[in-house]
Amino acid sequence: MSAREPKKDAEPSGVDLARVALRAAREQARARGDAARQKKQARRGGGLRSGARADGRDPMALGSAINRLITERGWETPAAVGGVMGRWPEIVGEDLAKHCVPQRYDEDERVLTVQCDSTAWATQLRVLAPTLVARINEDLGHGSVRIIKVLNPGGQPRRYGPLRAPGSTGPGDTYG
């Protein structure tokens, strides 16, 4: 027997220990994979012992239920535009968002209506509208918003009384 030949009755060491550990780890991973596949199959309804099948009445997570409702009712675009309205400052910038607020979305016409607090900001938004439409459509999908309709600021209600100048239209005079 030479010095290079391992002893038959000696404990494994070095490379042999690594091979044994690797073999054990592979068997454990295979067992976990089989268990995970069985669970997945049971969740899909293929492995249920009772014979019950999944249907629309089964309990589901709230997010899944909301997504299902949105899809069934065809509310994908209005829901997405609602998300844009919620993220308005991120889309248009903080300065513009302080002065221009989205009011409504007309799904049939694909028009987003925005109210501004001054004519200067309304003019600024009209100049930026094509860029904003492109940015919103990148986020929502092509053609979700066709036009941004910009509303001038609403003035105070017209008051009639003795202190009015003849022919004056009130605060609406200054708004373009």
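The values are calculated or read from the model by the stated rules, or taken from the named source; none is laboratory data. Small disclaimer: the values here were computed from a predicted structure and weren't measured. Because the Cβ atoms are built from the backbone with ideal geometry, glycine has one as well, and the counts that use them run over all protein chains shown. Just so you know, the surface numbers come from the protein's heavy atoms only, side chains and all, with ligands and any DNA or RNA stripped out. Shrake-Rupley method; radii C 1.70, N 1.55, O 1.52, S 1.80 Å.
Not counting ligands, DNA or RNA, and with a 1.4 Å probe, what is Ile70's accessible surface area in Å² rounded to the nearest 10?
40
Filter the GluC sites (Glu not before Pro) in segment 68-158 to those in DSSP coil with at most 14 other Cβ atoms within 10 Å of their Cβ, and list the result.
Sites meeting the loop and neighbour criteria: Glu107, Glu109.
Report, to the nearest whole %, how much of the accessible area of segment 105-156 belongs to carbon and sulfur atoms, 1.4 Å probe, protein only.
48
Modelling each spin label as a point 7 Å along the Cα-to-Cβ direction, I'd like the Gln38/Arg110 distance in nm, to one decimal.
Modelled inter-label distance: 5.2 nm.
If ligands, DNA and RNA are left out, what is the accessible area of Lys39 with a 1.4 Å probe, given in Å² to the nearest 10?
Rounded to the nearest 10, that gives 140 Å².
Restricting things to Cα coordinates, could you compute the convex hull volume per residue of segment 75-116 in Å³?
Dividing the Cα hull volume of segment 75-116 by its residue count gives 57 Å³.
Would you tally the net charge around Thr123, using a Cβ to Cβ cut-off of less than 15 Å, leaving Thr123 out, and scoring K and R as +1, D and E as -1?
Overall, the nearby charge balance is 0.
For segment 59-144, run through the chymotrypsin sites (Phe, Trp or Tyr not before Pro) and keep only the ones in DSSP coil with at most 10 other Cβ atoms within 10 Å of their Cβ.
Passing sites in segment 59-144 do not exist.
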